[in-house]
Amino acid sequence: MGVDEAGLPTLFEWAGGGEPLRRMIDAFYDRVEADPLLSGFFPGGVSQAHRRHVADWWAEVLGGPTTYTDERGGYATMLDHHRGLNIQPGQRHRFASTMSLAADDADLPADPEFRAAIIGYLEWGTRLAMGNSRPGADDLVEQAPVPRWGWGVAPPWLG
């Protein structure tokens, strides 16, 4: 089975839908609030609205409903949230590793194919966010669709 075959579940479907992704986002932000390297991005903590919006982003990226685009402004809105944050390499790495731990906390599927796909997105997305967060960055892509991430090089193992 290849990664582009008809009937292949989306990463969103493989994860179990919106509820497990929301658990991951909540676990992630619970960890962020306690992390001295990341908590400064969220003085006063991470609101429920922010958690919901990020869960909507992840759902859309992984092939689920397009709520983030339809209701929250899509890519341009996400870009605006990162402008001027000046994310440093250590913070980017901590973000990615913390999200990986949050996937464990949320009991997302642990198969290597799924985890490789979401870690691939984390690496791509966090590096893009870090670049977009540079103060005075003038080479930003202002308009783009929300990415739709797939399986990459290995489809889900169906036994």
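The values are calculated or read from the model by the stated rules, or taken from the named source; none is laboratory data. Bear in mind that the values here come from a model prediction, so they are computed numbers and not experimental data. Heads up, the Cβs are rebuilt from the backbone with ideal geometry, glycines too, and the neighbour counts pull from every protein chain shown. For the accessible areas, the whole protein counts, side chains as well, though only heavy atoms, and no ligand, DNA or RNA atoms are used. Shrake-Rupley method; radii C 1.70, N 1.55, O 1.52, S 1.80 Å.
Descriptive notes on the structure:
- Picking from residues in the stretch 86-136 that are of a type in the set (Phe, Trp, Tyr) and open to solvent by 20 Å² or more (accessible area, probe 1.4 Å), the one that is modelled with the lowest pLDDT is TRP124.
- Qualifying residue in the stretch 11-29 (condition: β-branched (Val, Ile, Thr), surrounded by fewer than 19 Cβ atoms within 10 Å (Cβ to Cβ) and in contact with a helix residue (DSSP H, G or I) (Cβ under 9 Å, 6 or more places away or on another chain)): no
- Residue ID - farthest from LEU21 (Cα to Cα), chosen from residues in the stretch 101-156 that are in a loop (DSSP other than H, G, I, E, B) and among the basic types (Lys, Arg): ARG134
- Filtered residue count, the stretch 77-92, keeping only those that are touching a residue at least 12 places away in the same chain (Cβ under 8 Å) and under 16 Å from the mean Cα position of the chain (by Cα): 6
- Only residues that are surrounded by fewer than 18 Cβ atoms within 10 Å (Cβ to Cβ) and over 12 Å from the mean Cα position of the chain (by Cα) were counted in the stretch 41-62, giving 10.
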